[in-house]
């Protein structure tokens, strides 16, 4: 209701609240934006600049601004966009269906124009890959590119591991010969060698993953400094949940 009425209220981040009042308990207090008074309606946790579609330090109802007047092409095009949070990916089809129904309803009231969504609304993956509003990205091709890069990144250490395994087997030729002389079959020796290498590989992989996470947490502001919001002169924050997803 407050949003529809255009009441000048604002939601701010914890860092802004502390910078202004020294505490996060500031609901109901005043804040001035462009010399206009706004009442603080709530305080939320800081958002990482890596979340380019969600990042802000202050959120206000769009009806309390004149952004809806920044339109062109007979008020069809404008400077606004909408982000929708679905409960699960199973809701995507229903959301697209409802958006298409609203599009057709709006087009029915137009005379010489027609709105086209160009396969929108997008998922987060498609939105990140879409360069232009009038063209949909080739998701299959982009995924194949990523798979090729991942395959190359995995093949190189796999070759190194195979070389290390071969070296270890050469050093254990005498041990394998003793096992064979005491009746051990080739199958048993092969499975023992594979099991040992699998255990070592899993342990090394977990240790490597742990170090990668720790490194990203420690140097995340440098690793992800290419964010499109870095012009705000605020280093991106990175947490474990972001790295896991």
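The values are calculated or read from the model by the stated rules, or taken from the named source; none is laboratory data. Every value quoted in this text rests on a predicted model; they were computed, and no experiment measured them. Don't worry about glycine lacking a Cβ; one is built from the backbone with ideal geometry, like all the others, and counts go over all protein chains shown.
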Determine whether the range 77-95 contains at least one residue that is touching a residue at least 24 places away in the same chain (Cβ under 8 Å) and on the phi > 0 side of the Ramachandran plot. no
Search result, residues across the range 26-43 that are surrounded by fewer than 15 Cβ atoms within 10 Å (Cβ to Cβ) and in contact with a helix residue (DSSP H, G or I) (Cβ under 8 Å, 6 or more places away or on another chain): 29
Could you please let me know if residue 194 is modelled with pLDDT under 80, surrounded by 10 or more Cβ atoms within 10 Å (Cβ to Cβ) and assigned to a helix (DSSP H, G or I)? no
When residues of the range 115-167 are limited to those that are in contact with a helix residue (DSSP H, G or I) (Cβ under 8 Å, 6 or more places away or on another chain), free of Cβ contacts under 8 Å to residues at least 40 places away in the same chain and in a helix (DSSP H, G or I), the one farthest from residue 85 (Cα to Cα): 165
Quick one: is residue 50 at pLDDT below 90, surrounded by fewer than 10 Cβ atoms within 10 Å (Cβ to Cβ) and either within 30 Å of the chain's Cα centre (by Cα) or outside any loop (DSSP other than H, G, I, E, B) (or both)? no
Selection over the range 24-42 where residues are within 17 Å of residue 8 (Cβ to Cβ) and touching a residue at least 12 places away in the same chain (Cβ under 8 Å) yields a count of 12
Collect the residues in the range 53-75 that are closer than 18 Å to residue 9 by Cα and either exposed (fewer than 12 other Cβ atoms within 10 Å of the Cβ) or free of Cβ contacts under 8 Å to residues at least 60 places away in the same chain (or both), keeping them in residue-number order. 56, 57, 58, 59, 60, 61, 62, 64, 65, 66, 67, 68
For the range 34-47, check the following and say yes or no: at least one residue is assigned to a loop (DSSP other than H, G, I, E, B), within 20 Å of the chain's Cα centre (by Cα) and not assigned by TED's automatic domain parsing to the domain that holds residue 11. no
